[in-house]
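**Q** Here it is: the structure, laid out below.
The values are calculated or read from the model by the stated rules, or taken from the named source; none is laboratory data. Predicted model, so just to flag it, every value in this text is computed and none were measured. All Cβ positions, even for glycine, are placed from backbone atoms using ideal geometry, and neighbour counts span all protein chains on display.
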Amino acid sequence: MRLSLCMIVKDEAFFIEECLAAAAPYVDEIVVVDTGSSDGTRDIAARYADKILDFQWVDDFSAARNSGLAAATGEWILVLDADERIAPEDFPKLREAMLSTEFDGYYLTQRNYSDDELQHKWIRVAVPDEWSENWTGYTENPILRLFRRNDRIIYQGSIHEIVDGTIAAAGRGKLSVPIHHYVDANPGRSRLDRASRYLVLMDRALSEQEDGRLYGIGGSTALYAAQDYAKASTYFRRAAELGYEPLRCLEGAAEAAYRGGSFGEAQDIYRRLYDEGQRTPSLCLNLANLAVRSGDKPRAALLLKECLSLGGMGPQTDETIRRNIEFLDS
């Protein structure tokens, strides 16, 4: 069976050669949809791509992606962004999965490299390798990126687009294949700039139709990238109201309040979540800091110990936590 790699790009000269060079030996076709590059992206893509399509940007990621799917000829589609790579040893796993008649699409694991230890569910790199490069950790996100080429399987949503809704739940499988994602590696494209553009599109999409998933993603973007804590709180709360990962999103609202200096609001949400059994390292850490503010040092020490027992926050933060425990226990 033939495998087509489909990508949409704009001004990705910093990343695209590494992505295409890594994938080209293992796919049968490369389709690149360019939405208006002016930095040499097309020239680089031309050295690898079988097809380069021009697409006039209309603030709709699904429309751009679907134009690439329509041009592909392989029986299966692999979708990557320019700042992503798959290791050579993992392509045989994709090929083996393509032979199955049970599934129409597969979730892979997007591994988002970052040095931000305070990100939700940040995982430290245990043993550095060529894929972690110089990053100290990452977060993980399941994402459906390998699927059959079929007219009914298309992307939906103008932003943070997915094909999940066009594949029956029983037809979606999972593969233990990481997509190595280097979103913060380009020094010429700041996280704040990217987040600001995404949030404009997010607001537009949500004004047309409310979606708990998008509110949750928007909350994370506003919190960790744009540092717009008021918007993050609003988005997280609405996501929870709509039933999208309510515990995680309420914790996000609490963290937004905490980072924004609304300590009373943060403490109310954190305590409610804690009493309901929610436990994460960041929740315990922030609740400990709030306990210190209120003068309850014994409770703060217990919460910091619980934070470490849950896996901690990363090497540097954990060392600070240990020193604070010693101080609080003295």
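**Q** If a residue must be touching a residue at least 40 places away in the same chain (Cβ under 8 Å) and either in contact with a Gly (Cβ under 8 Å, 6 or more places away or on another chain) or surrounded by fewer than 20 Cβ atoms within 10 Å (Cβ to Cβ) (or both), how many such residues does segment 284-325 contain?
**A** Result for segment 284-325: 4.
**Q** So, one more: Can you find a residue in segment 200-212 that is in contact with a helix residue (DSSP H, G or I) (Cβ under 6 Å, 6 or more places away or on another chain), outside the structural domain of D90 (by TED's automatic domain parsing) and at pLDDT 95 or above?
**A** Yes; the residues of segment 200-212 include at least one that is in contact with a helix residue (DSSP H, G or I) (Cβ under 6 Å, 6 or more places away or on another chain), outside the structural domain of D90 (by TED's automatic domain parsing) and at pLDDT 95 or above.
**Q** OK, next. Hey, A46 hits all of (1) in contact with a Phe, Trp or Tyr (Cβ under 7 Å, 6 or more places away or on another chain); (2) of a type outside the set (D, E); (3) without any contact (Cβ under 8 Å) to a residue 12 or more places away in the chain but one; which does it fall short on?
**A** Checking A46 against (1) in contact with a Phe, Trp or Tyr (Cβ under 7 Å, 6 or more places away or on another chain); (2) of a type outside the set (D, E); (3) without any contact (Cβ under 8 Å) to a residue 12 or more places away in the chain, the one that fails is (1).
**Q** Keeping to segment 92-111, report how many residues are surrounded by 12 or more Cβ atoms within 10 Å (Cβ to Cβ) and of a type in the set (G, A, S).
**A** Matching residues across segment 92-111 total 2.
**Q** On to the next question. Which members of segment 77-91 meet the condition of being assigned to a loop (DSSP other than H, G, I, E, B) and buried (at least 17 other Cβ atoms within 10 Å of the Cβ)?
**A** Within segment 77-91, L80, D81, A82, D83, I86 qualify.
**Q** Condition first: among the charged types (D, E, K, R) and not in a strand (DSSP E or B). Now tell me which residues in segment 134-158 satisfy that.
**A** R149, D151, R152
**Q** Can you tell me which of A222, A168 is touching a residue at least 24 places away in the same chain (Cβ under 8 Å), closer than 30 Å to L69 by Cα and among the small types (G, A, S)?
**A** A168
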